[in-house]
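The values are calculated or read from the model by the stated rules, or taken from the named source; none is laboratory data. Quantities reported herein were computed from a predicted structural model and do not represent experimental measurements. Cβ placement follows ideal geometry from the backbone for every residue including glycine, while neighbour counts extend to all protein chains displayed. Keep in mind that these areas ignore ligands, DNA and RNA; they rest on the heavy atoms of the full protein, side chains included. Shrake-Rupley method; radii C 1.70, N 1.55, O 1.52, S 1.80 Å.
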Amino acid sequence: MRIDVVSIFPSYFDGLTLSLLGKAQSAGILDLRVRDLRDWTFDRHRTVDDTPYGGGAGMVMKPEPWGLALDELAETGDSAGARPTIVFPSPAGEVFTQATARELATREHLVFGCGRYEGIDERVFEYAATLGEVRLISLGDYVLNGGEVAVMAMVEAIGRLIPGVVGNPESLIEESHEDGLLEYPSYTKPALWREREVPPVLLSGNHGAIASWRREQQLERTRTRRPDLLPE
Ligand code: ADE
């Protein structure tokens, strides 16, 4: 999979060279390229923002650098010439879930455009739709200073679903949200720690009993912590 990220703070994404996603890049499973939006500016100050038409607080990201960035990245996406999916993180977008991650993990080429300030000139989204599928996606119902942290989270959630990135695919199945429920609790040695015991069923060797206990724990946790995930 090819992922391009455009940001005025490319070093935010240094963390994505660590751990599993870093290994996936070395192994050639994930081609992640982070670009500085200012590379598509030509004035002395490398300007990416300007005052909003109509007035109001803050600055708006100018369309020209974004247009050039998208032209270049959409074109060079993949050899088959497939259109990319272009994601703009935004608190005004659809909420990112595990289902979104699963859907985007099937794409050949993703382009993430990180907005800052009061946002990006609206015409950029219309133009982007001529180059590929455009998605405005929110990390959740709160406001960040810009799209970078949201894109970090999305790239990690999507990247780990690419086949070969997580060594043991079984571990993907048993996680929170994969089956619509929260994950069951986990324990390791020692069996007794600071007067706290591991639930005896886990030491029983009875695989059927362990599976039903875990399922019950998943349901109970979901009922108490996230009732919104359960059917009515
Ligand atoms: N940019 C600012 N806040 C955001 C959020 N909650 N999700 C995605 N992008 C954002």
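Heavy-atom accessible surface of the chain, averaged per residue, reaches 58 Å², computed with a 1.4 Å probe.
Highest mobility in the GNM of the chain, judged by mean-square fluctuation with C-alpha springs under 10 Å and restricted to ALA74, ALA129, ALA105, is found for ALA129.
Counting alpha carbon pairs within less than 8 Å and at least 6 residues apart, what relative contact order, in whole percent, applies to the chain?
Relative CO of the chain lands at 20 percent.
A run of the chain free of exposed loop cleavage sites, with chymotrypsin sites (Phe, Trp or Tyr not before Pro) counted only in DSSP states other than H, G, I, E and B and at most 14 other beta carbons within 10 Å, reaches its longest extent at 54-141.
Largest GNM mean-square fluctuation across LYS62, LYS189, LYS23, computed for the chain with C-alpha springs under 10 Å, falls on LYS189.
Quote the FRET efficiency, to the nearest 0.05, computed for ARG44 versus ARG123 with a Förster distance R0 of 22 Å and r equal to the Cβ-Cβ distance.
Efficiency, from the Cβ-Cβ distance: 0.30.
Each other residue within a Cβ distance under 15 Å of GLY167 adds +1 if Lys or Arg and -1 if Asp or Glu, for a net charge of -1.
Expressed as a whole percent, the accessible surface of segment 24-86 that belongs to carbon and sulfur atoms is 50, based on a 1.4 Å probe. Carbon-plus-sulfur accessible fraction, segment 113-169 (probe radius 1.4 Å, protein heavy atoms only): 54%. Taking only alpha carbon atoms, the chain gives an Rg to Rh ratio of 1.07, where Rh is the Kirkwood radius.
So for the chain: antiparallel DSSP bridges make up what percent, rounded to the nearest 5? Antiparallel: roughly 15 percent of the beta bridges in the chain.
Students often get this wrong: which residues of segment 186-214 have the backbone nitrogen under 17 Å from the point 7 angstrom along Cα-to-C-beta of VAL166? Only 186-187 fall inside the zone, counting backbone N under 17 Å.
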